[in-house]
Amino acid sequence: MTMQTPAASAAETIPLTEADIRRIVKEEVTKAFASNPASRRAAIIASKGTLDWAYPPLILANAAAAAGMQVSMFFTFYGLNIIHRDFEKKLKVDPVGNPAMPMPVPMPDVVTGMPGMVTMASKMMRSRFAKNNVATIRTLLDSARELEVRLIACQMTVDVFDYAPEEFIEGIEFGGAAAFMSEARRSEVNLFI
Amino acid sequence: MPTDIHVDEVVDARGLMCPMPILAAAKAMKLLEPGQVIKVLATDKGSLSDIPAWAIDTGNELLTSGTEGDALVFYIRKGEL
């Protein structure tokens, strides 16, 4: 009688093909995701309506969706600007009270508060983004919708700011605080921006 | 970067900034079968941390990475999910 190591006999009795291993890995990963579905969901509030602050929520939503997460974005207060059909005109940068904003020369608020400065700062920011090949807000919105990110407009602020539903881009929903909370409690990633 | 890895699809994300390289990689990966490999070229330095993180989160496997000229290059094998 010949002696066999346990490993050798196991390999003899259960020959695993690459397809078997793939199947087992798939089953285990599916099980892991099923036991914690919240790790696959993200809820993001976008509350700011300037060009610079439109970027972080959209970039994070796209990154999450690209990583296979189900993402819901709630646009509330000034954040509604991001999904307004005229978002390209509405999203601007105001240099007043923003000492972190890069300016060609340091400027006090009395100067940055002068007429035309918002237009100039917005133009500067746009060209800086374009020069660095940063995606436009339109590209990020298109890609979010393509990746089935839910875009939800806060009904209360829509009403308060007198927006009509048709003033927003295609493919958005309307919802309230409870709708967000319902999404938030089932999402491991919750961001307020 | 010389390698003998068989590549099924090349994703050229050179010049694109965060999060576009990840979106391009995810889009290409969607069309492949498990076991197939994409090669991603990127110049966004954020990709150095973004692509490996994305690969882990999506159950894909980063086989190897390096540089090719001015570009960062990543070889990623599609996982089972």
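Below is a table of values for the structure above.
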read-out	value
For chain A, diffusion coefficient by Stokes-Einstein and Kirkwood Rh (Cα), 25 °C, 0.890 mPa s, µm²/s	123
Cα-based convex hull, region A:37-120, per residue volume (Å³, whole number)	120
Cα-only radius of gyration and Dmax that characterise region A:93-193, units Å	18.0, 47
DSSP beta bridge pairing in chain B, given as percent antiparallel to the nearest 5	70
Flagged links, alpha-carbon separation over 30 Å, of A:Lys90/A:Lys131; A:Lys131/B:Lys27; A:Lys92/B:Lys45; A:Lys90/B:Lys78; A:Lys131/B:Lys78	A:Lys90/B:Lys78; A:Lys131/B:Lys78
Share, in percent, of DSSP beta bridges within chain A that are antiparallel, nearest 5	5
Under 5 Å, built H, 5+ apart or other chain: amide partners of B:Met17	A:Ala135
For chain B, built as a Gaussian network whose Cα springs stay under 10 Å, the top-fluctuating residue of B:Asp50, B:Asp70, B:Asp12	B:Asp70
P(r) weight above 21 Å for chain B, C-alpha pairs, percent	16
Helix-only CD estimate at 222 nm, as mean residue ellipticity for the protein assembly as shown, using -39500 (n - 2.57) per DSSP H run (n ≥ 4)	-12500 deg cm²/dmol
C-alpha center-to-center spacing [region B:15-81, region A:30-108] in angstrom	23
Members of A:Lys26/A:Lys48; A:Lys31/B:Lys30; A:Lys89/B:Lys30; A:Lys123/B:Lys30; A:Lys26/B:Lys39 lying beyond 31 Å, as alpha-carbon distances in this model show	A:Lys26/A:Lys48; A:Lys89/B:Lys30; A:Lys123/B:Lys30
Of A:Ala63, A:Ala19, A:Ala135, the one that fluctuates the most in a GNM where chain A has Cα springs shorter than 10 Å	A:Ala19
Loop trypsin sites (Lys or Arg not before Pro), region B:1-60 (other Cβ atoms within 10 Å of the site Cβ: 12 or fewer; DSSP)	B:Lys45
At least 15 Å along the helix axis (C-alpha) and Kyte average at least 0.5, DSSP helices within chain A	A:51-66
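Values in this text are rule-based calculations from the coordinates and carry no lab data. Bear in mind the structure is a predicted one, so any value in this text is a computation, not a measurement. FYI the Cβ positions are ideal-geometry reconstructions off the backbone, even for glycines, and counts take in every protein chain you see.
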